[in-house]
Amino acid sequence: MSKYVIVDLEMCIVPKPIRDQIYHWSAETIQIGAVLVDENLEIIDEFNTYVHPEYGEIDAFIRNLTGISSFDIKDASKMKEALEKFVDWVPENAVCVSWSDSDKMQICHEIEAKHIDIPRLNILLETWQDCQKTFSKKVNRRKTYKLSEALIATDIMFDEKFHDGLVDAKNTAMLFIKMEKEPDLVLNEYYRKLRGEKVESEMLTLGDMCPALSIVFG
């Protein structure tokens, strides 16, 4: 069994004039968060670093969304050095996993735009896994799920501080581990009831509902 590195990036916006002339992508990385899951499907280590953007800026929206300020990234490494640190931290033969393929594509965009060449990173990108797509297949639905919805639907008690790279990586890791341990992943009955799906037991007790309610409304 492989080791898995669950990755999440946070990004800022690149102003349109710069996108038109220099850097042709709408976002730039400001944080790399990751956790290491071992062969026993346990989280055993974590990686977290801010990244100093070369073209983007942290405006009020991004600051409120992520909690990351211009002060946090002021003395941080640029993307090349941050990626080198990340790759050095990743164990040999580990597989990277993220929620959707957007983080993988963001890395691809930046290494192309900034002429970053890290041979081992290219190998990691080739074997990168999309946990969001795996989840939809597991529950036999075409729907594209948000991470928060997938966590609620599978009864996972999660950290609600979304849009923090390390927190999102940990939340994704908990869901990934559950999927690896449970080949026949089933959504909880209360969630399915909310979605208007037929469940085996139409009558749900208060005891059945309270765990889900504490997640949804807590």
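The values are calculated or read from the model by the stated rules, or taken from the named source; none is laboratory data. Just so it is clear, the structure is predicted and the values come from calculations on it, not from any experiment. Cβ placement follows ideal geometry from the backbone for every residue including glycine, while neighbour counts extend to all protein chains displayed. What goes into the accessible areas is simple: the full protein's heavy atoms, side chains included, and nothing from ligands, DNA or RNA. Shrake-Rupley method; radii C 1.70, N 1.55, O 1.52, S 1.80 Å.
(1) modelled with pLDDT of 95 or more; (2) more than 14 Å from Cys131 (Cβ to Cβ): which one isn't true of Leu175, the others all being true?
(2) is the only condition that Leu175 fails.
Residues being assigned to a helix (DSSP H, G or I), out of contact with any strand residue (DSSP E or B) (no Cβ under 8 Å at 6 or more places or on another chain) and touching a residue at least 40 places away in the same chain (Cβ under 8 Å): count how many of those fall in the range 120-143.
Within the range 120-143, residues that are assigned to a helix (DSSP H, G or I), out of contact with any strand residue (DSSP E or B) (no Cβ under 8 Å at 6 or more places or on another chain) and touching a residue at least 40 places away in the same chain (Cβ under 8 Å) number 3.
From the list Glu81, Glu92, Glu46, pick out the single residue that is open to solvent by 80 Å² or more (accessible area, probe 1.4 Å) and either touching a residue at least 60 places away in the same chain (Cβ under 8 Å) or closer than 23 Å to Arg19 by Cβ (or both).
Working: Glu81 fails: either touching a residue at least 60 places away in the same chain (Cβ under 8 Å) or closer than 23 Å to Arg19 by Cβ (or both); Glu92 fails: either touching a residue at least 60 places away in the same chain (Cβ under 8 Å) or closer than 23 Å to Arg19 by Cβ (or both).
Only one candidate passes the filter, namely Glu46.
Would you check if there is a residue in the range 23-40 being out of contact with any Gly (no Cβ under 8 Å at 6 or more places or on another chain), open to solvent by 40 Å² or more (accessible area, probe 1.4 Å) and of a type in the set (A, V, I, L, M)?
No, the range 23-40 has no match at all.
For the range 139-165, give me each residue that is farther than 22 Å from Thr66 by Cα and either in contact with a Gly (Cβ under 6 Å, 6 or more places away or on another chain) or crowded, with 19+ Cβ neighbours inside 10 Å (or both).
Within the range 139-165, Ala153, Thr154 qualify.
Select from the range 12-22 the residues that are in contact (Cβ under 8 Å) with a residue 40 or more places away in the chain and open to solvent by less than 50 Å² (accessible area, probe 1.4 Å) and list them in ascending order. Can you show your working first?
We begin by selecting, within the range 12-22, every residue in contact (Cβ under 8 Å) with a residue 40 or more places away in the chain; these are 12-15.
Passing the criteria: Cys12, Val14, Pro15.
Kindly provide the set of residues from the range 49-69 that are surrounded by 17 or more Cβ atoms within 10 Å (Cβ to Cβ), farther than 17 Å from His109 by Cα and not β-branched (Val, Ile, Thr), ordered by number.
Correct list: Tyr50 only.
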